[in-house]
Every structure is written in C-alpha cells, then in structure tokens.
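K.L.:
Provided herewith is a single structure, encoded as structure tokens, for subsequent inquiry.
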Amino acid sequence: MFVASGTAVPPTSRYQALAGEMVARGHRVLPETWAVAKEFGLEALEGRWTDRAQTPAETARIETSLRALPGATTAPPAAPATGAHPLAEATRWLENRNKVWTQRLSAVSLVGELDVGYGETQDLLDHLGLWWRLAGGRSSGPRLRDKYLACLMVALVAVASEEYAAGRYWPQVAARWGADELSAAEKDLLGTLFLEGVSGLGMPTFTHLPLKHVGPITSHAAIPTFCLRDVFDLFAKRLAADPELSAGSLLAWLAEDEARQRTLDTPARVFLLEGREFARDFTDRCLDLLTRDPAAGDTAFDGVGLPERVIAWYRTLVTDGLMEPPPEGARTRARVTAKVRLVLEPWDRGLCLSLPVRAGDEFDVDTWRLSLPGLVWQVPVRRSPVGGEVLVPVPRPAPSVHVSVDSGWVAAQTVPLIEQADPLLVFDGSGRLMVAGTPVPKGPAWLIYPSPSTHRGSDAATDGAGLRVEGTGWSRSHREPPYGWDGWAFHEADLTDVRGLRYGSGAEYLIEQRPVPQVVCGEPVPFVDVGGRPVFGERPRLRLPEAAAAWTVTITRLGETTPERVAVFDTGGALVDPWPDGPVCGTFTISVRGPLGRRMSRQIVCVVEGLAAAGSPGFRSMGPAGLSPGLVQVRVPHWLGQSTTVALDEGQVERTVQIGRAGQTVALRVRLPHGWVQWVPAAGAGSRQTRPVEAVSDAVHEDPGHLLVAADGVGPFTDLHYTVDGVRVQTIRAQRTLLPGVVRFGLHGLTDTLRARPCGDLVLDGGLPVMRLVPTVLAADVVREDGMLWVEGAAVRGSLVADVYFCAFPWRGPVTCPVDGEGRVHVPTPLVDPTGRLLVVLRVDDGWGSAVTPSPWPEPDTDSVFEVLPDPAGLAPRLTAEETAFVAGLNSEAPMPRTVEATRRLFALLVGDRWEQLPPSEFADESRRDDVLGALRQGSRFTLHALLSLDVPAELATRALVESRLVAEPLAALHRKDVERLWPQYPVAAMLASSEALRVRDKRYVRQAVAHCGPTWQQLAGKEPQHPSAAGAWLQDHRGWHIRGVADLRAPVVVRPGLTRLLDDDTRIAASCDLYAVAAQQRLEPLLARTTLGTEIERVLIRARLGSKIGSVLRARAHAAQGWRALPALCLGLAVIARLAARGNRYARDAFESYAEDFAALAAVAPTAVATDLLLAEALLIGHGH
C-alpha cells in the first residue's frame, strides 16, 4: 500500500509556526486580526479564541508578523502560482481524497490493503500534518471525525506500514506530521477515531489485542515493512522443511512454543497469533509468494493477493541477497497430498475418517490400522487407478485415533477427535470440519457435543448444559446418534442469524458475517465420479459477493503448479465464468482471493463439458454370489473421443475408464447404486460388503451391535429373520430408516438364541441372506484313521474347510482341503502323503465364494487349530531333493545348502518361530533354534537376497537380523536396484546391503539413504558431520518431555502430516515411546539388571577412539544411569557396538559376544526402536570416519 519516501520532512513555514504559537498561547484573535488571517488562508484559526483578552500591542505584533510572511504586502497577498494557498489546497485535497477513500475502504478488509501510490502517500501525510498543526491538534477531534476520518485511517496505517521501527510508532507519526511530540491525550484521540472509523466501515477492530490503539493500527497494516524480513525468513525455513506446509499448521506450530516467536517483532507476532482469519489468509498468501520465483517478471506474481509493498520488499530482499528463498523443490511442488481427515455423514454413518485411496492396480490392497484407546481394528482398502477416499465410521467418542497403513504410502499420524475441555465439533453443510479461529460459513451446519438430558427451545441461547449460541433461529433438528455415540447430540443447525458459538469455556467459533465467494455447480453426471468427487457436464460458475472489491480467481489443474488461468473480476453479486476459452476437461482447483479474510480456499471440481451417462438397472441388488450385473453408457463429447458402454459383473462394484485427449484426460470411476451390508459392533465398525457378512456367533453374543442393510425395496417394515438349516428361529424388526433404501437392525435380542443355536443365517424378507453366524469351536477334534483325516463332532456340516499345515516342512504354506458331510478331509494325494505331524485349521466356507487368505502359520492354542500326531505306521513325508538337503543341514547330517532358497526357508522358520514345528531331533528346542541361527549366519551372503523374495513384516525381519547377529557381520553388498527395493520394507537390511558404499559416500547409495531416512542422515554421515553435542540434541526428544514414569507415555504420539522419514524427529520419538512401553516386559529384566552396561559400552567406545565423539551422544540420550529410563541410551549403544563389530573392530566384536542376547531381547520386544538406532549408529560411524 505505502512506499517509504526516504526523504526528510520539509521545514515548517513561518506562517505555520505563527499559527501554532497563537493557538498554543491561547490568544483571543480580534476580528480585525482575523480578517487579515483569513486573507492569508489561515481558516484553521476560526473559532479558536479563548477567554483571555488580547492587548493591542499583541494584535499589532501578530498583524506585523502575518504581513511579514514571504510574498506578503500591506495588501492581502496575491494567490500563489498554484492558484491557492497551501492550507486551502491541503483542505481541498483532503476533502477529495476522503470521499474517494471512504468508498474504496468499503471494498477491503484491512486498511493496509488499500492501493495507495508513493506520491499520494506523501501528499496525504504532508497535508494531514499541516491541517493537524493548524487546526489545534486534540481540540480538532470532531472536525477530523466529520471531514477527514478516512484520510486519518489511511495516514495512521501508512506510518505503521513504512515508518514503524523497533517499537516506535507514535514518535514516527509526530515526525511525519511535523510535530515535536504527541501528548497522551492526542494519541488517545487519534486511536479512538481510528477505531470508530474501522468499526463504522464494518472492518475488524482488533479490540482483543493487548495494545489498545497501536495494536489495531499495526494489525490493519498486517505486517509492517520493518518486520517483513523476519517473517519471510521464518516462513521460508518452515517451507523448506515441509513443502506441504499450510497456513493453519504453520500458525499452530508458531503458537506452540514462545521460543519460535523470538525473532518476530511485536506487531508481527501479535498479528500472526491474534489476527484470526486475517492472519491465516495473509500467511497463506505469503506461502504462495514464497513459492514464486523472485527473478521472474511481474506477471509471475499474479493472483498472490498481497499489497504491492509486501511483494516488492520480498523481491528486493532476495535480489539483494538479504534472505535465502525456499529451495526450488518448494516452488514446484504439487499441492495435493493424501491425508486422513474427519468428515461427517450426518444421515448415514455419522462421524467418519476419510482414508485416501492409493492410485494403482485394483488388485492391490492397502490395509489400514486404526487405534482408539482400548480398540484396534483393520480396514482393507482396494487401490483404484484414480485414487479417491473411503469413509470409515468412528465407532465411539475418543480423544484421538491413530492411523497407519501397512504400505507406508501415507505417514502414520494421530488424528485428534474430541478434547475433554472442549468437546464441540462443528461441521459445515458439506460435512467439512471447522477449526476454531477460522470463520464458519453462514448457512447449514452440524454440531456434535455431549447431549443434555433435555433440549430447550429451538431459539434458546443455551441448548442444554454447555452449548452457548449467540443468535436466534439456529436450531433445526436432532438426529438419533450413531451406534456407540449414546449421550451425544448430532444437531442440525442454521447459522444464518448466528454470530458465534462455543461449548462451556471452550474455544469460540465465529460465524462469517460477510459473504464469501461460492462455486455454483449444476447437477453432477450420474453414475460416474473421479476419486469420489462428482463430475459436472457443465462448467461451474462463481458467485461473487456484492462488494466493490477485486476478486482474483486462480484455476489450476490438479497436481500441477502452473495456473490454467488467473483472472480478476470486480462484478459483485453476479455469476461469472472464470474458465479459459474452449471446452473444459479435467480436475481443477479453484481459489478466489479478495480482501483478506474473505477468500474461498482451494475447492476441487471435476468438469468434463458435454459428458452424460445413463445406467441400468437403477439399483444393483445384492445376492449370495454378489451384485446383479449392470450396464452404464458413458456418452463422451465428440471432441474427447468415442462413447463407451461399461459392463459391471457380479464381483465388480465399479470400473474405471479413461477418456480425453493429450493434456486433457480424466479417469472416470463408473458405478451404479447397489446393495450392501455392514455389521457395526460397539468395539469397532466393519466395512461395507456387497455380499453377506460372516461373523463368529460368540463375538456377536458378547457385542451384538447393529446391522445396516441397503437393499432394493427395504423400508421401516422390513423384517430380518434368523434361520437355522432353513428354518426360521427368530424375527428382528427394523429399528428405523436412516436413508431411503437403508435400514438398521439391532442384534441385542439375538443373544439368547445364539447361546442355544450358534450357527445360522440372518435373512431378509424374500430370502436374501445378509449375515452368516458360525460358532467359535467348529469341531471336537481332527484325527487320523487309515491314512485319512477325519473331523469329529463338527458343529457345521457340509460347509467346513480345512487348512492343513505340514510340520515336517514348516517353510511351506498350508494346503486348503474341503471337508465333506461325513467329516472326511480330502487331502490331495499327489501333493503329499499326510503321515507326519499336522496342524489343521478349520473354518466355515460361507458358500458365497468369498476369498479367505490362510495365515502364514497358525497359533496352536486357538479353538480352531487341531494338532494331528504322526502315524508311526505311515510313510515318510514326501520331500523334494532340495528340501531333503535342507533338512539334512538342519539336523547337522550334511552341510547346509548355500542357496538363496535355503536362506529364505531359514528366515521363514525364524520369523514365525516355526523351527518349533520341525520333526524331533536329538537337540533340545533352544539348541535347534541356535542351529537355525547358525545356519543363517553361515549363509549370510544369501541372506539379503532372500529378503527380496520373502514377504514378512519388517519388525520380524529386524528381529531375525539381530538374533542371527547378522547386524554385527560384514555382509555381501547388493546391487543398487536391489537396495532400493529393500529400503521401503526392510530398511535395516538395505543399510546392511549398502554399508560399504555408504562408507565411501557413493552418491547413488547416499541419495537412497537420505530419501528414506531424511536430512538427519546427511547431517550425521556427511563429510562435515555435526559436532556430537549437536547430534545429541537431535537424538533427544527436542520437545523437552519430563518423563516421570511409563504412565506418562500413554498419550498418543502426534506424528505431523506429510512425508515422514525413518530418522525424522517424530519417527524417532514414536520409536522411543514404543521402547518405553515395553520396558516392563519380563524378557528385558536381565538387560535392566545390568547396572554397569552403559559404562561398559562407553569403555568400548573409548578403546575404539570414539569416546569423545559418540560417547557424548549416548550421554545426551541417557535419562538415567540404569533402569528403564536408560533404555534409549542402551539401545543406541548396543547398535553402535554391533555396527562397529561389523567393521572388524576387535574390542567391539568381543563386547558384542557378551551383549548379543541383550540386543536380541530388545529387538524382540521393540524392533522399531532397534531398527531406528541401527540406522543412527551407521550414520554416526560413517560421519566419524568408520
């Protein structure tokens, strides 16, 4: 808005000094003297007499002085060359600009957004300063309010923008106005008039700020130029660390710790922390500014929406080398990432977690793991070529839910749910969660909060106990809470006439009082979507608020950074077409920026102009085999290609078709409305299935929950029947209709029946099965008779399946065999002669063809697992020649084969403790386990190759590598491409396979390590590693936890959203929490009993000449000398000893022989912490020349 002049204030003229003297001395100006004064344009003296009489001598002196002014004569002076006296010209100038600025200020949110040029700013300060001095300062308040209030507002903010420096504001105002000093009364007058002005124009008053007047004035400047460099530096560093940084997360991070605010001057700090939606919007625009290239032309900054002085100062700072811009990667990043978020489906599933769907092959499945306090459940999510989202209901209220995915493509994170001190959740009409401090849009909304015993009137200011609403006419209806949310209100509201709401003493949600831009869309194209988003066949329009403001619209293709179009509109209250010329096809983000705080954040829309679709049937009914077939005809506009017909068979819920041409392609997900069923117990919500659900009757008896069914023709009068062998045993009535075609059945009344008849089906009217219940114990026993397997005392006839595991070769997977009605297990004879020891797992074939994947190896103590002893008279198990050699190696009858396959089998035995299933030998169990470990060490050159083809959890692989002591052995290196395959799933193995290359700092391998471990690897293992004292700070919990006991660690660890690497702060903190959580396990007692272990480790490091370098790191990590608090230091110390032993250090090798069992115990109970510390140890040793 304002640009610094850099010039001195012009000297005060003699007539100005004289006028000031007359007023200051309180002279009573005589009519004769006033006549002369008016001739010189000193109208400001009018009405300023006092009661003090003026002597004739004083009058004569004043008249003489007036006529002595430059150019004065005994007659009134001639008009100046400009055509008017300076004061008269200033008065006319101020009156003219006041009218213009009063109108223009109504189009902005903050005074500092007004676009005032350099020359105009200087004229304003000069003219207003002249008027202030001659008008009598404080006594001119009423005239200043009536005639020049807009000029005053602009002038005060102009000084705050450009003249503020290091806490000096009012002295700068006085200097720019040519006054020596402003009194306290004058400051109070100016500040009060400023607040009256902004309040009268509907602008924010910022009266909640600590400084009564200076705070609001500097906040209307947003960030003074004096403070901008510090703000840019702070934002740039955070943006470099997190390229997906948002304004909200940045401001939340800043508010967490006062130490982070120390570099900011008071106006910047106050505005960013207390500026509410204006600070959030300003921050968002600054982050956008930092992603632009400072060296580019002016057009590169179109759409940023910041005052010109802010943009110009940023470009100047970077050009002059006064600040470092963010790295190039931050400027070119794609701005859409997969995140887990909370959404609301008020009439269906209630509060839900939106899990992103990974783009990929539809046959691949990601398994999400969700954890509430006391509840853990898994959700398999099938990938899709176009991505999307899956909604998972939150089964009950909780402070937070921890979410992770097995593939790791989305970082593990803890999603906050409900705060005990502030349990109110607010969602807008679209189900989007609102955040306190960000204005909630007017209109429909949903409120979730603890329900009072009774609800008051619909217009009550307080609904029950706790909810406080400032406004009227807001309450619309209450819906029945979802199952598991008893005692909570799901309240539909209309916030049109509401100003704010809060629950108890919690945070206040302010309602947006000014209209904001809106995207106006037509009806979506039926039966198709893109990643769960509707597709529109007509281009949406924008409705802009009825305000005389400039609205900058930016349209960007999803996943790209270069806008398709940037346009500026000033047509308030109308529908505008923001799209580029020509047909539109693709998924786009639309953002609108107007005055600060009045923006439309990025809204994603998918548009394919001219697209249409028709499908049949209108609803795909569900049956035992799946869904009924369907057809969807997708009519594609001619300029995009040919229309197509998509067929959906019984097993397909949806299909994906690609339409478009080069540069304008869209992957459409085609689907028809269909039936589904979902069992929702109190302990967790299952996923929706398109075929009948199978559940264990004992589980339903303990936690019946309810059943949701979507089917053609169902309604409030539909009945659900429990049938046993086709005979109806009990009927369950529908509780209520949630949505058309969706009904809910409570299963609580079924518990007594299940106790007597645990195996049966739940069937709708008309015979449609929706759920099969099977007992926990399926049979009394499985026996072997005459070379065949028989099931005795089967609880289910005709639908049993047996998964047979052969203990003679536990490295093999199970063989799935049908069980006939007589109980005979049909084992394929050509495959194997079942005469050895067997484990048989029984399960029920639901008869609907559902795919069940048997476990790699069963737990023998469960009800469905039966042990079958070997038949002494039977034949020997059939082994291949390679398996025969492998068994001979295990029994020490021959050397172990040195092959990748043999090593893979050893791993399979070790990671699942399957060595216990081996045929008996002369060795005890522990000796047999030692044999497996020893054989694995002997085949170490094949170990890492074996992991490439072995699908086991990373934790078990880490445990096997430590227990076999391979982490302390020099292993053969793998090719770079093989190492890259190992990093995502087996990082410890990847580190071992590339250790030699990392030591010589091969750039190709180092890049891999940095990509997966983060910048911490480079800081520790670089050519100039950080000093150990600094490393110790990284390896500590930098948040300054003061841990008093294990109970302090029960709170979930919050992992920040975004790309999380193996050695990032949050990852290491989470690993440390896992380590503390298992500190009480019995297996660690020998380790914790070794009170001198820490001293022994440090002695080994001193002998290896690493005591001063790495020893200080361990000391920084030690919370105590012994006991569970010492575990972090001991874990890292043992990891350093292991990796030092692998380098051939004799002291470390000797020591590791004594510590190996301790390290193995740690790896068994806390494999993630051990893996993290092995990576840290390798980086530390490389950084210090080892």
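K.L.:
Residue by residue through segment 577-587, note down the ones that are surrounded by 15 or more Cβ atoms within 10 Å (Cβ to Cβ) and within 16 Å of T552 (Cβ to Cβ).
P.N.:
Correct list: P578, W579.
K.L.:
Still on this model: If you scan segment 614-633, which residues turn out to be in contact (Cβ under 8 Å) with a residue 24 or more places away in the chain, out of contact with any Gly (no Cβ under 9 Å at 6 or more places or on another chain) and either within 18 Å of G537 (Cβ to Cβ) or surrounded by 13 or more Cβ atoms within 10 Å (Cβ to Cβ) (or both)?
P.N.:
A614 - this is the single residue of segment 614-633 that is in contact (Cβ under 8 Å) with a residue 24 or more places away in the chain, out of contact with any Gly (no Cβ under 9 Å at 6 or more places or on another chain) and either within 18 Å of G537 (Cβ to Cβ) or surrounded by 13 or more Cβ atoms within 10 Å (Cβ to Cβ) (or both).
K.L.:
Pairs please, first residue from segment 591-612 and within 12 Å of I555 (Cβ to Cβ), second anywhere and among the charged types (D, E, K, R), Cβ atoms under 8 Å, 6+ apart in sequence or on different chains.
P.N.:
Partner pairs satisfying both residue conditions: S591/R599; S591/R602; V592/R599; R602/R335; I604/R533; V605/R533; V607/E538; V607/R539.
K.L.:
Based on this model, can you work out whether S219 counts as under 23 Å from D115 (Cα atoms), part of a helix (DSSP H, G or I) and out of contact with any helix residue (DSSP H, G or I) (no Cβ under 7 Å at 6 or more places or on another chain)?
P.N.:
Considered against the rule, which asks whether it is under 23 Å from D115 (Cα atoms), part of a helix (DSSP H, G or I) and out of contact with any helix residue (DSSP H, G or I) (no Cβ under 7 Å at 6 or more places or on another chain), S219 comes out as no.
K.L.:
Let me ask something else. I want to confirm something. Restricting to segment 741-764 and keeping residues that are under 24 Å from G484 (Cα atoms) and basic (K, R), which single residue is surrounded by the most Cβ atoms within 10 Å (Cβ to Cβ)?
P.N.:
Per the stated criteria, the residue is R744.
K.L.:
Of everything in segment 689-738, what is closer than 25 Å to D486 by Cβ, modelled with pLDDT under 80 and of a type in the set (D, E, K, R)? Give them in sequence order.
P.N.:
R736 - this is the single residue of segment 689-738 that is closer than 25 Å to D486 by Cβ, modelled with pLDDT under 80 and of a type in the set (D, E, K, R).
K.L.:
Also, I was wondering about something else. Find the helices (runs of 4 or more DSSP H) located wholly in segment 976-1078 whose residues include 2 or more that are at pLDDT 65 or above and under 30 Å from L417 (Cβ atoms), and list them.
P.N.:
1065-1077
K.L.:
Those residues that are modelled with pLDDT under 85 and not acidic (D, E), I need them from segment 570-593; list them, please.
P.N.:
Within segment 570-593, T571, G572, G573, A574, L575, P580, G582 meet the criteria.
K.L.:
Would you tally the residues in segment 230-250 being within 27 Å of V157 (Cα to Cα) and either buried (at least 18 other Cβ atoms within 10 Å of the Cβ) or among the polar types (S, T, N, Q) (or both)?
P.N.:
7
K.L.:
Residue check, E538 against (1) modelled with pLDDT of 85 or more; (2) touching a strand residue (DSSP E or B) at 6+ places or on another chain (Cβ under 7 Å), all met but one. Which one?
P.N.:
Condition (2) is where E538 drops out.
K.L.:
Keeping to segment 293-318, report how many residues are out of contact with any strand residue (DSSP E or B) (no Cβ under 7 Å at 6 or more places or on another chain), surrounded by 19 or more Cβ atoms within 10 Å (Cβ to Cβ) and not in a helix (DSSP H, G or I).
P.N.:
Number of matching residues: 3.
K.L.:
Hey, among V535, V553, V568, which residue is surrounded by 17 or more Cβ atoms within 10 Å (Cβ to Cβ), under 30 Å from P204 (Cβ atoms), outside the structural domain of F745 (by TED's automatic domain parsing) and out of contact with any Gly (no Cβ under 7 Å at 6 or more places or on another chain)?
P.N.:
None of the others qualify; the one that does is V553.
K.L.:
Considering only segment 634-668, how many residues are over 36 Å from the mean Cα position of the chain (by Cα) and among the hydroxyl-bearing types (S, T, Y)?
P.N.:
Count: 3.
K.L.:
Now for a separate question. Can you name every one of the helices (runs of 4 or more DSSP H) wholly within segment 81-200 that holds 2 or more residues which are acidic (D, E) and surrounded by fewer than 20 Cβ atoms within 10 Å (Cβ to Cβ)?
P.N.:
In segment 81-200, the matching helices (runs of 4 or more DSSP H) lie at 86-105, 118-135, 184-200.
The values are calculated or read from the model by the stated rules, or taken from the named source; none is laboratory data. Since this is a predicted model, take the numbers as computed values, not measurements. All Cβ positions, even for glycine, are placed from backbone atoms using ideal geometry, and neighbour counts span all protein chains on display.
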